[in-house]
Amino acid sequence: MNKFDLVCKEFQIPCEKIYKDGLRTRVNFALYKNNGEISYAMFKDKVKITDFDTSFICDEIREFMPKLLKALDEVLKDKLFEIRFFKSFYTLNVLLLYHKDIKEFKIENYYEKLSKLTNLKLNLIMQSRKQRISYPSDILEHFSNGIKYEFNDECFIQPSLSMNENMLEFAKSCLKDKKCDDLLELYCGYGNFTLALAPFFKKVFATELSKKNVTFLNKNCKLNNVNNIFTARLKDSEVKDAFNKVRTFNRLKDLNLDDFCFSHILIDPPRCGLGECVNLVKNYDNIIYISCNPLTAKIDLEKLYKTHELKRFVLFDQFINSEHLECGFYLERKKDDRA
């Protein structure tokens with residue numbers, strides 16, 4: 001039984017659609033060194049392998065990879081142990097990770113040569129323990145759904161930005177023919193879903209623990225002249241405490257949560273799922289749940305089924321040639337559970 005059938009068996013309604021072939025635009029490689037030669041490596045059963053299929057990677061990264069290895073001189077190869085690639089609509093970030101001091105490294109000396117190896121705008125980044133340098137910057141510029149995004153590789157980025165388009169379309173389709181007042185979004189990141197869904201709502205309250213992500217979300221709101229998104233740097237348990245008036249937060253001093261009338265909640269939690277935050281989520285009539293782990297999503301949904309009905313279920317394959325899948329769910333409060 002393939003991974004799609006295995007996941008589909010776990011839920012109460014048939015899978016509406018399976019989105020396949022999400023070529024990776026974010027990918028990491030270990031390195032294998034032998035007699036001065038260097039190769040990309042991946043781990044299989046905890047063993048490094050250098051002979052692997054690269055068809056799961058987007059064309060721009062796949063074509064750049066061998067050119068980069070050929071261009072690395074002995075200084076760049078010295079104590080280099082990992083290379084990470086991040087491709088957006090406009091930009092390619094290449095991150096070189098080292099086991100050495102890099103603070104005096106003249107990164108700009110290598111930039112001109114490497115930038116000629118791609119048609120994308122290249123950012124070169126070097127990182128070691130507590131040290132990070134970049135040239136000319138580390139900002140990824142992306143364009144989607146008429147929205148301009150900026151973020152960097154320290155933000156959470158979907159593994160496949162082409163598959164991310166399908167995820168955004170799914171989320172927007174859940175709003176069709178629905179009364180949309182305000183949206184609560186947990187785990188909002190740099191605003192991937194937030195900005196795409198904001199036009200459907202009067203106001204959006206978006207929360208995220210990562211300071212870096214919140215900074216980029218606020219910047220992206222300004223870039224796109226979006227004025228109905230309100231942000232706060234809070235983890236999910238703090239959001240729950242704020243709504244339950246268990247605690248007051250200085251980070252919410254300029255916001256009155258009672259001014260919002262939430263008709264929808266969107267959640268894209270980490271692999272561990274919602275945990276106790278499921279008790280907050282079930283308070284909302286309409287739930288859009290994006291999951292990167294079907295196992296924890298099933299646990300969360302079994303709790304939500306007491307108050308909500310699962311209306312839609314889709315699968316997103318961002319990890320071709322692996323067992324990993326991401327899911328999209330839409331739930332509505334049961335009519336007999338409405339106040």
- Counting DSSP beta bridges with both partners in the range 26-141, what percentage is antiparallel, nearest 5? 80
- Task: Write down the percent of antiparallel bridges among all DSSP beta bridges whose residues are both part of the chain, to the nearest 5.
- Result: 60
- Any chance you could run the full-extension gain for Asn228 through Asn244? It's 0.36 nm times the residue separation minus the Cα-Cα distance, nm to one decimal. 3.4 nm
- Taking amide hydrogens as modeled 1.01 Å from N in the peptide plane, which residues meet the under 5 Å criterion relative to Glu82, leaving out close sequence neighbours? Leu97
- The value for the range 26-141 (convex hull of the alpha-carbon atoms, volume per residue, Å³) is 111
- Using the Cα centre as the reference, give the magnitude of the dipole from point charges on the C-beta atoms of the range 1-97 (Lys, Arg: +1; Asp, Glu: -1; all else neutral), rounded to the nearest 20 debye. 180
- Note on the structure: With Cα coordinates, the longest principal axis of the chain makes an angle with the long axis of helix 59-71, in degrees rounded to 10, of 30
- Task: Take the chain, connect every pair of alpha-carbon atoms lying under 10 Å apart with a spring to form a Gaussian network, then pick out the residue of Val246, Val314, Val226 with the largest mean-square fluctuation.
- Result: Val246
- Item | Choice from Phe43, Phe319, Phe200 with maximal GNM fluctuation in the chain (Cα, 10 Å cutoff) | Phe43
- Relative to the longest principal axis of the chain, what angle (0 to 90°, nearest 10) does the C-alpha long axis of helix 294-304 take? 10
- Message: Filter Lys20/Lys113; Lys44/Lys116; Lys148/Lys298; Lys121/Lys219; Lys87/Lys334 down to the pairs with a C-alpha to C-alpha distance above 31 Å, please.
- Response: Lys20/Lys113; Lys44/Lys116; Lys148/Lys298; Lys87/Lys334
- Query: Order of Ile229, Ile299 from fewest to most other C-beta atoms within 10 Å?
  - Reply: Ile299, Ile229
- Task: Any chance you could give the angle, 0 to 90 degrees and rounded to 10, that helix 211-223 forms with the longest Cα principal axis of the chain?
- Result: 80
- What are the aspartates and glutamates whose alpha-carbon lies under 18 Å from the alpha-carbon of Lys211, with same-chain residues fewer than 8 places away excluded? Asp138, Glu150, Asp153, Glu154, Glu185, Asp236, Glu238, Asp254, Asp268
- Message: Restricting things to Cα coordinates, could you compute the convex hull volume per residue of the chain in Å³?
- Response: 155
- Calculated [θ] (222 nm, deg cm²/dmol) that DSSP helices of n ≥ 4 give over the chain, each run adding -39,500 (n - 2.57): -7000 deg cm²/dmol
- Gaussian network model of the chain, Cα springs within a sub-10 Å range: biggest mean-square fluctuation belongs to which of Lys222, Lys253, Lys203? Lys253
- Item | Chain lengthening between Lys179 and Lys121 when straightened (0.36 nm per residue, less Cα-Cα) | 16.7 nm
- Determine the distance separating the Cα centre of the range 116-148 from the Cα centre of the range 294-337; give it in Å without decimals. 34
- Note on the structure: When Asp182, Asp73 are arranged by how many other beta-carbons sit within 10 Å of their Cβ, fewest first, they go Asp73, Asp182
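Here, each number is a calculation from the coordinates, and none is a lab measurement. Everything quoted here is computed from the prediction, not taken from an experiment. Quick reminder, even Gly has a Cβ in these numbers, built from the backbone with ideal geometry, and neighbours come from all protein chains shown.
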